[in-house]
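Written out below as structure tokens is the structure these notes cover.
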Amino acid sequence: MTELTKILSRPEARHRYWHIKKEDRNFFPENYEIFKMEFDRKTYDMKINHKDDIMTGQLYERFKFLEGDRIIVTKKKNGLYELEAPDTKLYPSTE
């Protein structure tokens, strides 16, 4: 599998994490192993905790992930992951 698509649940959106299902767990590195994820022209250091959750608070810097939003994570050949969030909204600018 080189692509994982997920629809965010209410708790995932509210508490800023994504739970990885058991059948999708092999898509990502081992728990606590840092991996790189590109999103919005930035690269983030991510890791999966002991509950198989990816803590995503740092992605909320400019974007707001809501219940029902679709995320698409693609695994690249060089071990890099790329995130697409076609339903996710940009926070309104405060400038």
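The values are calculated or read from the model by the stated rules, or taken from the named source; none is laboratory data. None of the values given here were measured: they were computed from a predicted structure. Reconstructed Cβ throughout: ideal geometry from the backbone, glycine too, with neighbour counts over all protein chains shown.
In the set (1) on the phi > 0 side of the Ramachandran plot; (2) touching an Asp or Glu at 6+ places or on another chain (Cβ under 6 Å), GLU38 fails one condition alone, (1).
May I ask you to verify whether ASP45 is at pLDDT 95 or above, in contact with a Phe, Trp or Tyr (Cβ under 6 Å, 6 or more places away or on another chain) and among the acidic types (Asp, Glu)?
no
Residues that are outside any loop (DSSP other than H, G, I, E, B), in contact with a Lys or Arg (Cβ under 8 Å, 6 or more places away or on another chain), of a type in the set (Gly, Ala, Ser) and at negative phi are absent from segment 67-88 altogether. For segment 38-53, the criterion of a residue being over 18 Å from LEU8 (Cα atoms) and among the aliphatic types (A, V, I, L, M) is satisfied by no position.
Here segment 53-91 is the region considered, the condition is being over 23 Å from PRO29 (Cβ atoms) and among the hydrophobic types (A, V, I, L, M, F, W, C), and the residue that is surrounded by the fewest Cβ atoms within 10 Å (Cβ to Cβ) is LEU90. Restricting attention to segment 26-46, the residues that are aromatic (Phe, Trp, Tyr), in a loop (DSSP other than H, G, I, E, B) and surrounded by 14 or more Cβ atoms within 10 Å (Cβ to Cβ) total 1.
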